[in-house]
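*Asks:* Shown below is the structure under consideration.
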Amino acid sequence: MSNQNYVTLQPSGDKIPLVGYGTARIPANETEEVVYNAIKAGNRLIDGALLYSNEPEVGRAVRKAIADGIVKREELFIVGKLWNSFHEKEHVKPIFQQTLDNYSLEYIDLYLIHFPMATEFVDPKEGLNFLNAKKEFNLVKAPLQDTWRELEDLVDAGLIRNIGISNFNVQSTLDLLTYARIPPSVLEIEHHPYLQQRRLVNWAQSQGIQVIAYASFGNAVFEKFPPGTEHLENLMKHPVIVSIAKKHKADVGQVLLAWAVNYDVIVIPKTVKIERMKTNLDIHNIKLDDQDLKSIAKLEANARFNDFFENTYGFDFPVFA
Ligand SMILES: NC(=O)c1ccc[n+]([C@@H]2O[C@H](COP(=O)([O-])OP(=O)(O)OC[C@H]3O[C@@H](n4cnc5c(N)ncnc54)[C@H](OP(=O)(O)O)[C@@H]3O)[C@@H](O)[C@H]2O)c1
């Protein structure tokens with residue numbers, strides 16, 4: 001349990017804020033202003049990805065915030081992610097360089113392998129997706145070990161401060177740990193009361209790998225639901241969460257974020273609303289008690305909303321199995 005504002009990453013010793021800001025699904029033409037406002041509101045951890053198609057605008061916001069004296073570069077923690085179609089070793093460095101150029105920064109703080117699956121190369125100009133332009137899901141034989149070696153080189157070159165993984169399970173992480181010269185600092189996963197992943201979180205943390213949660217608000221923000229999860233009520237309207245929010249004079253978003261942070265899980269909520277940028281950050285005084293934690297533990301439903309089914313992503317692939 002912790003009410004600290006930062007956790008420390010291994011092996012770099014860098015500090016990462018427990019509460020940050022996500023940039024997925026912010027339209028590119030709004031991103032510069034929105035992310036600038038997020039930094040102005042106090043956010044220091046910015047979670048981005050090439051997939052989100054707004055890296056140049058995130059970079060402009062970051063540079064403007066620095067130029068305006070709101071923040072110094074070393075106070076920011078900037079994240080990027082290697083997309084699935086660039087795992088083959090010859091593609092890793094060029095595509096990372098594109099991210100660095102998009103951000104127009106000298107280094108980034110964390111670079112994650114977005115998913116533990118390698119798909120065929122696509123020209124980034126054609127737009128990124130899980131599927132190719134013909135709507136096919138084509139895996140390629142790119143050993144993760146080769147991909148990881150490229151990332152380690154980029155750390156050695158001083159262009160990335162920390163490397164990590166996203167959407168990995170224990171099995172794939174264990175394998176990575178057998179050969180990683182630089183171990184992963186972070187595991188980013190879907191995490192909310194309907195998918196608590198307590199054993200995975202505990203195990204990762206026991207290995208010195210910090211956990212970042214995405215989709216902290218659960219099904220409240222998804223439009224299409226994987227089979228077997230459709231019946232679940234909107235997490236943000238769930239009576240258990242609503243009553244805990246009332247008890248702590250907080251809003252439901254704050255309760256869901258404070259719940260994750262209670263377990264030292266880093267959160268990166270996305271919002272375009274300035275008021276929410278502030279309230280989502282202002283959670284360190286919300287101390288959930290044992291009764292709150294027990295009630296939330298009972299909401300576990302093993303419900304993964306960001307999963308690959310025909311009705312969600314247009315293809316079926318059990319990457320989390
Ligand atoms: N590694 C991965 O595979 C992966 C996958 C998904 C996401 N991510 C990262 O995680 C970040 C967060 O995940 P997410 O964007 O999917 O979902 P999220 O942050 O859980 O939810 C975002 C949604 O919740 C709303 N919202 C934000 N704060 C709120 C509050 N306090 N009360 C009520 N509603 C609130 C936002 O609406 P408004 O904008 O209207 O406020 C938005 O629709 C992403 O931006 C991305 O950086 C990573």
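*Asks:* If I model a spin label as a point 7 Å beyond the Cα along the Cα-Cβ vector, how far apart are those points for Phe222 and Ile70 in nm?
*Replies:* Rounded to a tenth, the inter-label distance reads 3.2 nm.
*Asks:* Just from its helices, what would the mean residue ellipticity at 222 nm be for the chain, if runs of 4 or more DSSP H residues each count -39500 (n - 2.57) and the sum is divided by every residue, rounded to the nearest 500 deg cm²/dmol? Walk me through the intermediate numbers first.
*Replies:* Details: 11 runs with 113 residues, N = 321.
Using -39500 (n - 2.57) per qualifying helix, the result is -10500 deg cm²/dmol.
*Asks:* I've got another one for you. Positive end of the dipole of the chain, charges at C-beta (+1 Lys, Arg; -1 Asp, Glu), about the Cα centre: which of Phe315, Leu9, Val92 has its Cα farthest in that direction?
*Replies:* With unit charges placed on the Cβ atoms, the residue in question is Leu9.
*Asks:* Moving on to the next point. Straight-line reach from Lys135: which aspartates and glutamates have Cα under 19 Å away, leaving out those fewer than 8 places along the same chain?
*Replies:* Glu120, Asp123, Glu126, Asp307, Glu310, Asp316
*Asks:* While we're on this one: Using a Förster distance of 30 Å, how high is the FRET efficiency between Val170 and Asn5, based on the Cβ-Cβ distance and rounded to 0.05? Provide the component values of the computation, followed by the final result.
*Replies:* Values: r = 28 Å, r/R0 = 0.95.
Computed FRET efficiency for Val170 and Asn5: 0.60.
*Asks:* Then there's this: With the cut-off at 29 Å, tell me which of the pairs Lys64/Lys247; Lys72/Lys278; Lys15/Lys246; Lys224/Lys273 have Cα atoms farther apart than that.
*Replies:* Values: Lys64/Lys247 40 Å; Lys72/Lys278 20 Å; Lys15/Lys246 32 Å; Lys224/Lys273 23 Å.
Listed pairs above 29 Å: Lys64/Lys247; Lys15/Lys246.
*Asks:* Given the options Asp175, Asp307, Asp109, which has the most mean-square fluctuation in a GNM of the chain, springs set between C-alpha atoms less than 10 angstrom apart?
*Replies:* Most flexible of the set in this elastic network: Asp175.
*Asks:* Can you list the HN-Hα couplings for region 77-85, worked out from phi with the Karplus curve (6.51, -1.76, 1.60; θ = phi - 60°), rounded to whole Hz and with x for Gly and Pro?
*Replies:* Along region 77-85, the couplings run 10, 9, 10, x, 9, 7, 6, 3, 7 Hz.
*Asks:* Counting other beta carbons within 10 Å of each residue's own, what order do Trp203, Trp259, Trp148 fall into, fewest first? Write down the numbers at each step before the final one.
*Replies:* Numbers: Trp203 16, Trp259 27, Trp148 23.
Result, fewest neighbours first: Trp203, Trp148, Trp259.
*Asks:* Assuming 0.36 nm per residue, please report the length gained on full extension of the stretch Lys141 to Thr178 beyond their Cα-Cα distance. Walk me through the numbers before you get to the answer.
*Replies:* Details: separation 37, 0.36 × 37 = 13.32 nm, distance 1.95 nm.
The Lys141-Thr178 span can extend by a further 11.4 nm.
*Asks:* Would you kindly calculate the translational diffusion coefficient of region 253-321, applying Stokes-Einstein with the Kirkwood radius from alpha carbon pairs, for 4 °C and a viscosity of 1.567 mPa s, and quote it in µm² s⁻¹ without decimals? Could the numbers behind the result be given before it?
*Replies:* Values: Rh = 14.5 Å.
Rounded, D is 89 µm²/s.
*Asks:* Once both labels are modelled 7 Å past Cα along the beta-carbon direction, what's the Asp290-Arg25 spacing in nm?
*Replies:* Label at Asp290, label at Arg25, 3.8 nm between them.
*Asks:* Another question about this same structure. Sort out for me the Cα centre separation of region 263-320 from region 63-139, rounded to whole Å.
*Replies:* 23
*Asks:* Okay, moving on. Would you mind getting me the FRET efficiency between Val240 and Lys15? Use the beta-carbon distance for r and R0 = 51 Å, nearest 0.05. Don't skip to the answer; put the middle values down first.
*Replies:* Working: r = 33 Å, r/R0 = 0.64.
Once the sixth-power term is evaluated, E becomes 0.95.
*Asks:* Can you give the relative contact order of the chain as a percent, counting alpha carbon pairs under 8 Å and 6+ residues apart? Numbers along the way, then the final one.
*Replies:* Details: 567 pairs, mean separation 62.2, N = 321.
Relative CO of the chain lands at 19 percent.
*Asks:* Can you give the Rg to Rh ratio for the chain, taking only C-alpha atoms and Rh from Kirkwood? If you can, show how the numbers build up before the last one.
*Replies:* Working: Rg = 18.8 Å, Rh = 20.0 Å.
That ratio is 0.94, to two decimals.
*Asks:* Which whole-number percentage describes the relative contact order of region 194-290, with Cα contacts under 8 Å and a sequence gap of 6 or more? Kindly include the intermediate steps, with their values, before the conclusion.
*Replies:* On the way: 82 pairs, mean separation 28.4, N = 97.
RCO, region 194-290: 29 percent.
Just so you know, all these numbers are worked out from the coordinates, no wet-lab data involved. Only a predicted model underlies this, so the values are computations on that prediction, with no experimental measurement involved. Glycine gets a Cβ as well: all are built from the backbone with ideal geometry, and neighbour counts include every protein chain shown.
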